[in-house]
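Read-outs throughout are calculated quantities, based only on the coordinates presented, and are distinct from any laboratory measurement. Quick caveat: nothing in here was measured; it's all calculated off a predicted structure. All Cβ positions, even for glycine, are placed from backbone atoms using ideal geometry, and neighbour counts span all protein chains on display.
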Amino acid sequence: MAALTRRSYNLVNRISTTHAYTSHLHRSFSTDTTPFTVETSIPFTSHNCEPPSRSVETSAAELMTFFHDMATMRRMEIAADSLYKSKLIRGFCHLYDGQEAVAIGMEAAITKKDSIITAYRDHCIFLSRGGTLVEAFAELMGRKDGCSKGKGGSMHFYKKDSGFYGGHGIVGAQVPLGIGLAFAQKYNKEDHVSFALYGDGAANQGQLFEALNMAALWDLPAILVCENNHYGMGTAEWRAAKSPAYYKRGDYVPGLKVDGMDALAVKQACKFAKEHALKNGPLILEMDTYRYHGHSMSDPGSTYRTRDEISGIRQERDPIERIRKVILAHDIATEKELKDIEKEKRKVVDEAIAKAKESPMPDPSELFTNVYVKGFGVEACGADRKEVKAVLP
Amino acid sequence: MLGFIRQTVCNRGVSVSKSQLRFLVPGGRNYASGAKEMTVRDALNSALDEEMSADSKVFIMGEEVGEYQGAYKITKGLLDKYGPDRVIDTPITEAGFTGIAVGAAYHSLKPVVEFMTFNFSMQAIDHIINSAAKSNYMSAGQISVPIVFRGPNGAAAGVGAQHSQCYAAWFGACPGLKVLAPYSSEDARGLLKAAIRDPDPVVFLENELLYGESFPVSAEVLDSSFCLPIGKAKIEREGKDVTITTFSKMVGFALKAAEILEKEGISAEVINLRSIRPLDRATINSSVRKTNRLVTVEEGFPQHGVGAEICASVVEESFEYLDAPVERIAGADVCMPYAANLERLAVPQIEDIVRAAKRACYRSTSMAATG
């Protein structure tokens with residue numbers, strides 16, 4: 001009841017503000033930015049540094065945003081599953097459902113001038129960086145209104161204007177690239193950081209350690225984020241890594257182990273990491289997370305994991321459920337309101353898919369565009385060079 | 001060292017040279033009045049210096065480029081001038097630092113990555129191809145990569161199998177890359193400056209044995225705005241009986257072969273490709289249409305080599321003009337041996353080029369070219 005009193009008091013104070021006042025009580029709560037703290041599910045474990053506090057500052061507005069955004073992401077990935085099965089998406093499709101808290105929590109801690117780079121499980125990061133559902137679905141279906149004009153596909157989403165550098169298909173390559181982004185930020189004397197995301201599978205890559213060594217040597221504002229979903233394709237972490245304590249693998253580089261299914265913990269860790277990286281150089285965040293789908297759409301995901309494990313995690317640690325509980329506990333919205341939001345997201349995603357389906361395939365002339373920025377009028381040819389030739393502008 | 005000097009009228013950007021004056025000097029060297037000489041090493045160093053001065057986004061990264069002044073002294077003096085923020089010594093970790101440089105290019109800096117030799121680029125080849133060359137295409141133009149990868153390529157002297165490979169054909173096959181191979185100091189300056197200014201990833205194949213060679217450079221070449229166009233070959237020597245296409249160190253060999261052929265009544269046209277990708281098919285084909293015979297020369301392995309592509313291009317576009325099959329001179333189809341006599345057999349020599357040109361010329365019957 002004390003909570004209710006506090007809420008009513010806030011409501012009264014806000015009548016004179018510019019918040020839209022509707023008959024739905026929860027609307028004013030959901031735009032309420034009054035800070036309050038929530039404890040993370042578990043404390044942080046640290047390596048070579050002092051961990052941040054497990055009391056995370058948040059607000060009703062932020063929690064509702066988390067819920068909205070994660071519900072959208074969840075729906076998008078499930079819809080992509082259906083589209084793949086109906087053969088509208090071809091090739092590779094790596095789904096992120098279960099891991100949404102990492103994308104959401106990270107975004108809440110940073111700005112669009114900070115950079116993010118990830119591997120091929122990139123659909124949700126694209127959304128959190130400001131990409132639209134239509135661009136995502138159109139790209140997945142290879143249409144010209146896709147974010148890469150249909151030329152990239154699932155693994156190659158980018159949004160450079162809001163600091164999202166893809167979308168990479170070669171395991172581990174994105175880590176040196178991400179450290180390169182941090183190099184540029186330092187070179188330009190920006191006050192920004194770069195997050196290079198990689199999985200437990202990529203965590204053993206040599207180039208990661210090569211680049212991390214340089215990041216530490218040169219004090220680059222780079223944050224390596226291991227999204228540890230415990231399986232590198234079909235190989236469990238204990239079969240691939242002598243030491244699966246990925247947050248410690250940086251040795252002289254500090255690390256933090258984070259409950260990656262807790263968006264607030266992720267936000268706290270990323271906020272801490274950004275401050276650290278700007279002052280002291282690189283650190284590693286290990287996000288303990290889980291993917292419900294298999295590695296990709298060609299992997300059922302149940303030959304190397306038990307169904308009990310998967311459903312157990314869904315029950316105990318689902319990121320959307322966690323935020324739902326916090327929202328309900330603080331009376332920010334009712335159960336029905338949250339369910340209505342989820343229904344609304346289903347509709348929004350379906351509409352985006354319908355719109356994306358209307359987008360045509362790219363014009364055949366697009367085969368020859370963007371090979372170079374400056375093509376010097378050079379000729380490129382198709383499969384039969386006597387039949388198909390183009391001039392590269 | 002080259003035994004002759006030639007003076008060309010400045011032909012900036014034009015693939016067909018204007019009239020050339022040639023001074024044949026047995027043993028000594030004539031300096032045409034006012035012509036300055038510059039080594040390829042100094043040409044590269046001055047190009048780097050000028051481009052770093054003109055654009056603060058340009059930086060150099062590689063092993064020993066800074067305090068050591070460059071493994072081959074190409075970056076000499078640049079650390080002192082531009083500081084450790086812009087001339088960066090790396091650990092011996094090609095995959096790591098190449099990835100870092102490509103990431104920096106994603107963020108709109110202009111890295112010049114030095115590979116101590118291109119043999120070591122194989123450790124980083126994923127970043128050159130998958131992270132750099134393909135990004136502009138996969139992102140439909142969002143992520144461009146204005147990076148230069150440079151360093152010595154091909155055979156040196158006695159360095160053995162792992163340090164002698166030529167990578168022109170491999171890199172030249174990849175869409176999204178530009179691949180340049182300078183020969184003279186003018187080439188080195190003009191092409192490196194063009195490469196650094198270019199918004200796309202450029203592989204810049206130098207040659208260790210050419211670093212110390214001097215070439216005349218005009219005032220125009222020495223000007224800080226001097227740039228050569230990418231994708232245009234240069235006709236180093238005009239001729240009418242046989243076309244010899246080549247690049248890098250082999251240009252010097254081809255020119256010497258042309259002198260020998262001249263004495264035997266064969267006028268050879270020597271084309272310095274300068275650009276492996278884009279390949280200047282127009283210049284090559286128009287030359288072959290004039291001479292009707294072609295010898296391709298390269299140091300690298302023969303199978304799937306640059307010469308193979310040039311031969312295919314000429315067969316496709318100028319078949320009726322060929323009076324003889326295309327001849328290919330390339331490195332031997334073996335790993336580079338160490339022993340000096342075997343090494344000599346593994347790399348093209350001037351006599352190989354002469355012999356191939358003669359074969360191309362004596363093969364046909366004396367038919368007048370029909371229209």
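Listing for the model above:
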quantity: Three-way shape label, the protein assembly as shown, alpha-carbon gyration tensor, a/c 1.5; calculated: prolate
quantity: Magnitude of the charge dipole, the stretch B:213-355, Cβ model with Lys/Arg +1 and Asp/Glu -1, debye to 20; calculated: 120 debye
quantity: In the stretch A:224-336, lysine pairs closer than 22 Å at Cα, eight or more apart or cross-chain; calculated: 14
quantity: The protein assembly as shown, dipole about Cα centre (Lys/Arg Cβ +1, Asp/Glu Cβ -1), debye to the nearest 20; calculated: 1080 debye
quantity: DSSP beta bridge pairing in the stretch A:248-393, given as percent antiparallel to the nearest 5; calculated: 45 percent
quantity: Principal-axis tilt of helix A:60-85 within chain A, Cα atoms, nearest 10 degrees; calculated: 40 degrees
quantity: Residue order, fewest to most beta carbons within 10 Å, for A:T65, A:T34; calculated: A:T34, A:T65
quantity: Selected from B:A219, B:A157, B:I244, residue furthest toward positive end of dipole (the stretch B:121-249; charges at beta carbon); calculated: B:I244
quantity: Acute angle (nearest 10 degrees) that the helix A:2-14 long axis makes with the longest principal axis of chain A, alpha-carbon atoms; calculated: 70 degrees
quantity: For B:125-137, mean number of other protein chain Cβ atoms within 10 Å; calculated: 4
quantity: 10 Å Cβ neighbours from other chains, averaged over peptide A:181-191; calculated: 5
quantity: Average partner coverage of A:207-216, which counts Cβ from other chains inside 10 Å; calculated: 6
quantity: Likely footprinting exposure, A:D331, A:D262, fewest C-beta neighbours within 10 Å first; calculated: A:D331, A:D262
quantity: GNM top mover of B:A219, B:A101, B:A332 - chain B, alpha-carbon springs below 10 Å; calculated: B:A219
quantity: Which of A:Q99, A:F66, A:I89, positive extreme of dipole for the stretch A:34-162 (C-beta unit charges); calculated: A:I89
quantity: Peptide ranges B:164-171, B:76-83, A:219-226 listed from the most packed, as the mean C-beta count within 10 angstrom indicates; calculated: A:219-226, B:164-171, B:76-83
quantity: Cα-based Rg of the stretch A:79-169 normalised by 2.2 N^0.38 Å, two decimals; calculated: 1.01
quantity: 0 to 90° range, to nearest 10: angle between helix A:206-217 axis and chain A longest Cα axis; calculated: 60 degrees
quantity: Cα gyration tensor shape for the stretch A:138-205, rounded if a/c is under 1.5, else prolate or oblate; calculated: oblate
quantity: Listed residues A:E77, A:E107, A:E335, most fluctuating in chain A (Gaussian network, C-alpha, under 10 Å); calculated: A:E335
quantity: Rounded if a/c under 1.5, otherwise prolate or oblate - the stretch B:42-158, Cα gyration tensor axes; calculated: oblate
quantity: Positive-end residue, the protein assembly as shown charge dipole about Cα centroid, Cβ charges, pick of A:S302, A:L392, A:H330; calculated: A:L392
quantity: Only Lys, Arg (+1) and Asp, Glu (-1) charged, at Cβ; the stretch A:68-111 dipole about Cα centre in debye; calculated: 320 debye
quantity: Which of A:E62, B:E316 has the fewest Cβ neighbours within 10 Å, and the rest in rising order; calculated: B:E316, A:E62
quantity: Reachable lysines, given that their alpha-carbon falls under 22 Å from the alpha-carbon of A:K151 and they are not under 8 places away in the same chain; calculated: A:K85, A:K87, A:K159, A:K160, A:K355, A:K357, A:K374, A:K389, B:K134, B:K178
quantity: Longest to shortest principal axis, alpha-carbon extents of the stretch B:206-353, angstrom; calculated: 44, 40, 33
quantity: Listed residues A:K339, A:K113, A:K248, most fluctuating in chain A (Gaussian network, C-alpha, under 10 Å); calculated: A:K339
